[in-house]
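**Q** Once you've had a glance at the structure underneath, I'll fire off some questions.
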Amino acid sequence: MPSTIECACNHLTLFASNWIVPPNKINFDTVFDNIEEKLLDNIHVLVTITVILIIYAILVVVLRRFDNADKEKWRVIPLADNGPHDRFTYLVTVFTGTTSRAGTKSNVFFKLSGEYENTEVRKLEGNTKKNLSRGSVNNYLLATTRWLGPLIYLRVWHDNTGKGNDASWHLDRIVIKDLKTNKLYLFLCHQWLAVEKGDGRLHRVLPVAGKEDMTSFDYLFSSTVRDGFADDHVWFSLLSRPVRSNFTRVQRLSVCLALLFATMIANAMWYRADEAIEGVQMVHLGPFVFTPQQVFISMASSMVVLPVSLTIVMLFRKARPRHNIVCENDVDNGGRPIDARCTSSASRSDCIPMLDGMLTKDIDDKPTSKNAYTSILKLAVVKEEGAVGPKSDKRRLDGSEVQTLRPVIGLSVVIALVFKSRPSSEEQHLIMEENEQLAHHGGAWKNPEHRQKDICEDFDEAQLEHLRKKREKEIRMWALLREVIIHLIYVIAVFTLTYENRDPASYRTNEALKNKFVVGSLDEIKTLTDYWTWTREILVPKLYADTWYNDDILTWREKQYLQGLTYFRVGPPRLRQARVRLGDCRLPDEVDNIHSCYPFYELTTYLHDDHSISWTAKNGNETTSDDPWTYQSSIESKSFPYWGQISLYGGGGYIKVLGSDAKEARSSLDDLEQNGWIDRATRAVINEFTLFNPCTNLFSVVNLIIEIPPSGGLMITEDIHTMRLYYYSGNRALFRFLLEALVLGIVIYFLVLTTKDFLNSGRKYLNDAWNFLEVGNIVLAFTCCIVNIIHCVMTRSTLKDFKTNNHDFPSFQKLVYWDDLLNTLFGGLAFFVMMKLLKIMRCSKKVTEFVSTLSLSKKSIVGFMAMFTIIFFSFVHFFYLMCGRSLKNYSSLTDTAGTLISMMLKRFSYGELVDVDRVLGPVFFFLYVLVIGFIGTQILVAVLSLDYSTVKKGTLTSDQHELVDFFIDQFKKTFNMDGSGR
């Protein structure tokens, strides 16, 4: 018989594989050897555990205060209007809703009705003030003269005297316990008692909830979810623990800590334990991929973590809470209440009659574990305190009776500790204040005025309508005030962020660079010879610094600066040429003696072929990236199209990098000049280089463009774009980050409000022109956010490429375009933000009149603008045809239109028109001023004046003005400026 069995199956891999993964082994003989070195090797683990324990200690202090506050919240407060002759008591538990602003500070009244009697109007208030705040659970002791019998319904209302949002109240439910019969009555509400919410009523009639109400899906689902998160979920219950639960917040935090540490231990037990297993079978379940070993590790980890946490939770939940020795009010068989309570100074024997009755009831009625447990605790307290004395009556428990019950007590203790169930939320232990007479108050007592009324007061419809309108005005007033404050903060943040992108030193930097490279040098170039001379004698010496002003030799690091050591040269400069093809000119048939023609630069005429030196035909396919005779596309050159004075030049071209020192740059320029790099086919030469000023944290992308039109001559253009790329550096980095976070948070707030308005209004939302302004503001804000992120990513990528290879030309053109786009978007956002101020100021009569006038006269303005456009462009065409050949300001239709608009603003040169044509120039000038400047303006003013007079007569009214008056009245009342003397 063989002693072993070998499994040689090649199927059922999950069964045959080693899917049981043992945990990592710990050698306890050596685990504490060299403990200092081991702690240093795992310092991150030690730091993590230390931080967790520090956070735990801090949270213990904080949550302990919350636990103490819970005890105060759950104290039972007797109603202030309980009288000395009120003999029957009821425990009233009021549950305020958890919706936003559900609490109230109004005076709440109620009237309770039973089968036998009704209470007077009672006020829900005790001598100790307890606010009906959001989500609160308040307990009151109601005392009545007569027993009401089985309760039927409850009337509840308030007087709406709270200020602002504290006037309304969302009542969830009220639970009333008859302390004579110990029967609970549930009154469900789940409604607002408010003039501006729900059905606008302040009064509710609540019948006793029946079995169908308490077993309905809505009630069970809401109560189960609420209680589940508030009590059963360990993490969420740290903030929302029921105040009556014995499981305190500190204990729940300790369970969370134990669960966290147990999880860390479980992770350490199987850390990389499955990596040594060979032949692992992958299981694919839809998008999920896992191994059997991972399933086993997850199950085993759960078996390690769950028993520890569940055991701790069970011990905490079954632990007996520590309470002072108190006795609840009770009633004897005759219905008379026992007014005296056991206190620290009272005789303990006074408590025995009540304990005797409870114990006898528990034994005779086959008590539950909870009742047995409560009776045992009370007996234990009595025995411990020696409450057996000669003054006790025949109902007390003497020593023999306690001895007889001792075996029963022991067995009951065991059963109760093991099988004790958690009490329901309405039957938790109530903490009563010591030395306090719950049924009534000592001293002189006067029947309150509201208890003398026999009927339940309610507001009539006229009063409700008045209160409703007043409350609506208050809501709108505070909404407008909140909108104004938030928008002013938004305006300040947006403008601050916008001007952060525009450094005041940018203009001075541009002027300094223009004086350095353009003024007196580049703008004096007339021929190509002048251009080559300028590059060798001015451009190169200023870009490459060799010596200081006193001829001291500069270090290699200082040679990376420009002359003057102010600007750092970011990479070498380069020349980029845009060329056209030969022979693309369309010549008349009569011109047959011209054999070559070079057209304007266009998308159909630009040259993109590879050549050899002096633009000869290319022999072979070998090319190099620094070959100035080889065409490079916009992707290869990392450039974007550039719009010059004559044409739009593409991002590609023929490129020459000048090098990293002056000698190499001069050699490259000499070689280009000698081989005729610039000829008749050249349409533009762009000199590109990038500078950085570390003192101002500004980058300057410089493009010096030489355009050679087919008409001859040279046209010089400089384009210096100064921008800041390091936004998040220095002392202002945190400030900018917080500013951006503030703007983004406010925009999200605007988005939520706009979405709610759109969902509530539907298509009517699009009928208001102000809403388009709001949508435009939100869209532009989010677009600015996206473009800003792209700009930061592009900046990091470009600077990283430069640091990796600083001998190549770093193209910052894409950053220039993204920076221009970002600044344009910020400008549009600033425009929309300022325009929105008109919407906020719509309460002003002047603003309303202005907007109403424009709205009323929009048809007239459209007709006037159509007529004005026809007349204006008639003059544009005439002046362009008359002066386009002679004057620069009229050389194109767009220039002519801009010049005529300036002429409307009294900015013109009359002498230029006279020099062009001594007759037509003055005639059409005065005709233009008369028709456009005087007649057109007077017609527009007349149209607006007519509509403005209509608005002034009151044909267009707005209730926004009443809101301003209401705000002024409320302001005067608040600061006692209304003359009332209060």
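**Q** Sort 46-57, 113-124, 289-300 for me by packing, meaning the mean count of neighbouring Cβ atoms within 10 Å per residue, highest on top. Walk me through the numbers on the way to the answer.
**A** On the way: 46-57: 11.6, 113-124: 17.4, 289-300: 15.7.
Most protected by this proxy first, the peptides run 113-124, 289-300, 46-57.
**Q** May I ask you to give the percent of accessible area on segment 58-210 that is carbon plus sulfur, with a probe radius of 1.4 Å?
**A** Numbers: 3100 of 6250 Å².
Carbon with sulfur: 50 percent of the solvent-accessible area.
**Q** If we sort 718-725, 906-913 on the protection proxy, mean other Cβ atoms within 10 Å, highest first, what's the order?
**A** Details: 718-725: 19.0, 906-913: 13.4.
Per-residue Cβ counts within 10 Å, averaged per peptide and sorted highest first, yield 718-725, 906-913.
**Q** In addition: For the cross-link pairs Lys105/Lys177; Lys71/Lys756; Lys71/Lys197, which exceed 31 Å when the distance is taken from alpha carbon to alpha carbon? All intermediate terms of the calculation are to be shown ahead of the outcome.
**A** Details: Lys105/Lys177 25 Å; Lys71/Lys756 40 Å; Lys71/Lys197 33 Å.
With Cα atoms farther than 31 Å apart: Lys71/Lys756; Lys71/Lys197.
**Q** Quick one: compute the contact order of segment 53-130, relative version, from alpha carbon pairs under 8 angstrom and 6+ residues apart, as a percent. Can you show the working numbers first?
**A** Working: 43 pairs, mean separation 26.0, N = 78.
Relative CO of segment 53-130 lands at 33 percent.
**Q** Mind putting together the pair-distance distribution for segment 857-924? All Cα pairs, 5 Å bins, whole percent per bin, short to long.
**A** Final binned percentages: 3, 17, 23, 25, 13, 8, 6, 3, 1.
**Q** Taking only protein heavy atoms into account and a 1.4 Å probe, give the accessible area per residue of segment 497-562 in Å². Show your work: numbers first, answer last.
**A** Details: 3790 Å² over 66 residues.
For segment 497-562, the per-residue accessible area is 57 Å².
**Q** Given the protein chains as shown and a 1.4 Å probe, how many square angstrom of Val816 are accessible, to the nearest 10?
**A** 20 Å²
**Q** Restricting to Cα pairs below 8 Å that are 6+ residues apart, what does the relative contact order work out to for segment 687-786? Please round to a whole percent. Mind dumping the intermediate values first?
**A** Details: 86 pairs, mean separation 16.2, N = 100.
The normalised contact order for segment 687-786 reaches 16 percent.
**Q** Given just the C-alpha atoms of segment 737-801, how large is their convex hull per residue in cubic angstrom?
**A** Numbers: hull volume 5.4 nm³, N = 65.
Expressed per residue, the convex hull around the Cα atoms of segment 737-801 is 84 Å³.
**Q** Still on this model: Please work out how much length the chain gains when fully extended from Leu59 to Asp610, using 0.36 nm per residue of separation minus the C-alpha to C-alpha distance, in nm with one decimal. Provide the component values of the computation, followed by the final result.
**A** Working: separation 551, 0.36 × 551 = 198.36 nm, distance 7.32 nm.
That pair, Leu59 and Asp610, stretches by 191.0 nm at full extension.
**Q** Among Tyr531, Tyr880, what's the order by accessible area (1.4 angstrom probe), most exposed first?
**A** If we order Tyr531, Tyr880 from most to least accessible, we get Tyr880, Tyr531.
**Q** Continuing with this model, one more query. Does segment 657-758 classify as rounded, prolate or oblate by the C-alpha gyration tensor (a ≥ b ≥ c root eigenvalues; a/c under 1.5 gives rounded; else a/b over b/c gives prolate, otherwise oblate)? Write out the running numbers ahead of the final one.
**A** On the way: a/c = 4.93, a/b = 2.15, b/c = 2.30.
Oblate, because a/c is 1.5 or more while a/b does not exceed b/c.
**Q** Could you please state how large a percent of the accessible area of segment 773-897 is carbon and sulfur, counting protein chains only and using a 1.4 Å probe? The partial results should precede the final answer.
**A** Details: 4650 of 6740 Å².
Summing carbon and sulfur atoms, their accessible area is 69 percent of the total for segment 773-897.
**Q** Pull out the extension gain between Ala80 and Arg201, defined as 0.36 nm times the separation in residues minus the alpha carbon to alpha carbon distance; nm, one decimal.
**A** On the way: separation 121, 0.36 × 121 = 43.56 nm, distance 2.62 nm.
Gain in length upon complete extension: 40.9 nm.
**Q** Okay, next question. Under a point spin-label approximation (7 Å from Cα along Cα-to-Cβ), what is the Ile152-Ile489 distance to one decimal in nm?
**A** With each label placed 7 Å out from Cα toward Cβ, I get 5.4 nm.
**Q** Full-extension gain between Phe735 and Asp530, please, as 0.36 nm times their residue separation minus the C-alpha to C-alpha distance. Numbers along the way, then the final one.
**A** Values: separation 205, 0.36 × 205 = 73.80 nm, distance 4.98 nm.
Extending this stretch completely gives an extra 68.8 nm.
**Q** Under the rule a/c < 1.5 gives rounded, and otherwise a/b versus b/c splits prolate from oblate, where does segment 700-837 land using the Cα gyration tensor? All intermediate terms of the calculation are to be shown ahead of the outcome.
**A** Working: a/c = 3.21, a/b = 1.71, b/c = 1.88.
Here segment 700-837 falls in the oblate category.
**Q** Put a dot 7 Å past each Cα toward the Cβ at Trp548 and Met834; how far apart are the dots in nm?
**A** Here the answer is 4.8 nm between the modelled labels.
**Q** Sorted by average packing, counted as other Cβ atoms within 10 angstrom per residue and highest first, what order do 608-619, 735-746 take?
**A** Values: 608-619: 12.7, 735-746: 14.9.
The packing order, highest mean first, is 735-746, 608-619.
**Q** May I ask which residue of Leu838, Phe872, Ser811 lies farthest towards the positive end of the charge dipole of segment 786-892, with charges of +1 (Lys, Arg) and -1 (Asp, Glu) on Cβ and the Cα centre as origin?
**A** Looking along the dipole axis, the top candidate is Leu838.
**Q** Provide the solvent-accessible area of Met303, counting protein heavy atoms only and rolling a 1.4 Å probe, rounded to the nearest 10 Å².
**A** Around 140 Å² of this residue is reachable by solvent.
**Q** Which whole-Hz ³J(HN,Hα) couplings does segment 154-164 yield from phi under the Karplus relation 6.51 cos²θ - 1.76 cosθ + 1.60, θ = phi - 60°, glycine and proline marked x?
**A** The phi angles translate into 9, 9, 9, 7, 9, 9, 6, 8, x, 8, x Hz.
The values are calculated or read from the model by the stated rules, or taken from the named source; none is laboratory data. Quantities reported herein were computed from a predicted structural model and do not represent experimental measurements. Cβ: placed from backbone, ideal geometry, glycine included. Neighbour counts: every protein chain shown. Just so you know, the surface numbers come from the protein's heavy atoms only, side chains and all, with ligands and any DNA or RNA stripped out. Shrake-Rupley method; radii C 1.70, N 1.55, O 1.52, S 1.80 Å.
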